[in-house]
Structure formats: C-alpha cells, structure tokens
Amino acid sequence: AYPGGRAGLIVPKLEFAPGERIGILGGVGSGKSTLLKLLSGLYAPGEGQIFMNKLDMSQIAEDVLRENIGYLPQDYRLVNGTLRDNLLLGIPDPGDDVIMEVAQQTGLSKLITGNERGLDLEISEGGRGLSGGQRVLTGLTRLLLARPKLMLLDEPTSNLDIDTEALVLRAIQERLDADTTLVLVTHRLQLATMTARLIIVANGQ
C-alpha cells in the first residue's frame, strides 16, 4: 500500500510478502480495522494506491478479489437463509462431509449438531438469534472453506471462550499454506504469537 502525501514528503511503503504472518496492534480508534477494510477492497484509499501482485487493486475484478481475499470483521453479519447458505456464500459447495470437517475444527459443529435442522437451520438477516461467537465461527468456517490466499482477521476470537479460542487458533494454523498471507488484528498475546512481524498503528499512522 502506498499512502498519499504532500509534494516533497517521503512516504513509507507498507508491503506484505506472500506467506507472511503479520499482527496489527494499536489502541481503540487507531485505524486497525480501517487498514483491514482497505486491504480487503471494501474501502478505496482517499489518497495513494493499493497493489496486489503489482496490480492496482482498483483495476482488479471484484470476483477475483473475493476469490483471493478472505476478510473476517469483528461484527460478522449473516444473510437471511440457512446456515448452509451462509457457509457457502460465494464459494463452491465441497459437500457436507467437508463442511462438517471444517466445522469440527472451528467448533461450529456444536451449533450444527445441537439443532434438529443441522445445516438447514434458518438464519435471520444479520444473524439474529445466534450469539456473537456463533456468528464469528460461521464466518471463520466459511473463510477456511474458501481457502483465500490473503486472510484478514479482525479480532477473530474476541467473542469466544478460552476452549473455543484454542480450537480456532489450531484450525487457522492448520489451514495456512506456505503461500497464504495472514494479517491479524488482535490484542491477545495468544494470537500475536502466530505472527512473525508486528505492526503498530497509532492515530492512523
């Protein structure tokens, strides 16, 4: 990402290499979540450019971005439909066996097996009726099923108990290929240990 600046000002370049494990730390309102939204393509930069594989992100087709970038926000919202619909939104159906395998890894299987409708559980718009943790696990399970090359996680375990957090950390680590890049916003030491480089954000810098 190349932030913009006034003429004559030396502007730093923030660069992520394929396969890197990067942690983003900073106080409330420092710009961590905004940075992830920029990297995901949800926000366009007001100044400067963001490049992906040397291509300006604004010139890359949206379906290509969605295929290669997986973004899990803090407040993951679900769409009206079934749990299966939400897990497979925008990705090919790998079959129930694969879905359940990943759900077992993330801990979402408790929700699936704990109701009589299983994957056909009806979900209201936004995910009303599910806890914040269950919504996050749904989003994380979908992301791991999609296997994007760039994973952007914003406080992925903030709504989870300690045991489920441990499951989630193991699931993420097992799904990270050598060329999969992880950018993780967190304030938890357990998650920060998954990263090899830390970036501190303060006042949008």
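The values are calculated or read from the model by the stated rules, or taken from the named source; none is laboratory data. For clarity, every value in this text was computed on a predicted model and none was experimentally measured. In this analysis, Cβ positions are derived from the backbone assuming ideal geometry, glycine residues included, and neighbour counts consider all displayed protein chains. Surface areas here come from the heavy atoms of the whole protein model, side chains and all, with no ligands, DNA or RNA. Shrake-Rupley method; radii C 1.70, N 1.55, O 1.52, S 1.80 Å.
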* Per the 1.4 Å probe, what fraction of the accessible area of the chain, in percent, lies on carbon and sulfur atoms? -> 51 percent
* To do: May I ask you to derive the relative contact order of the chain, considering only C-alpha pairs under 8 Å and at least 6 residues apart, and to give it as an integer percent?
  => 36 percent
* In whole Å, how far is the Cα centre of the range 85-113 from that of the range 180-205? -> 27 Å
* Structure fact -> Placing each pseudo-label 7 Å from Cα in the direction of the beta carbon, Lys13 and Ala202 end up separated by a distance in nanometres of 2.6 nm
* To do: Could you point to the label whose value was computed as Rg and Dmax of the Cα atoms in Å for the structure here, given [x] 17.5, 65; [y] 16.1, 49; [z] 19.3, 65?
  => [x]
* **Dipole-positive endmost among Gln74, Leu38, Gln173 within the chain (Cβ charges, Cα centre)** => Leu38
* Most mobile of Pro92, Pro18, Pro148 per a Gaussian network model of the chain (Cα springs, under 10 Å)? -> Pro92
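Leaving out ligands and nucleic acids, note down the accessible area per residue over the chain with a 1.4 angstrom probe, in whole Å².
Working: 11230 Å² over 205 residues.
Value returned for the chain: 55 Å² of accessible area per residue.
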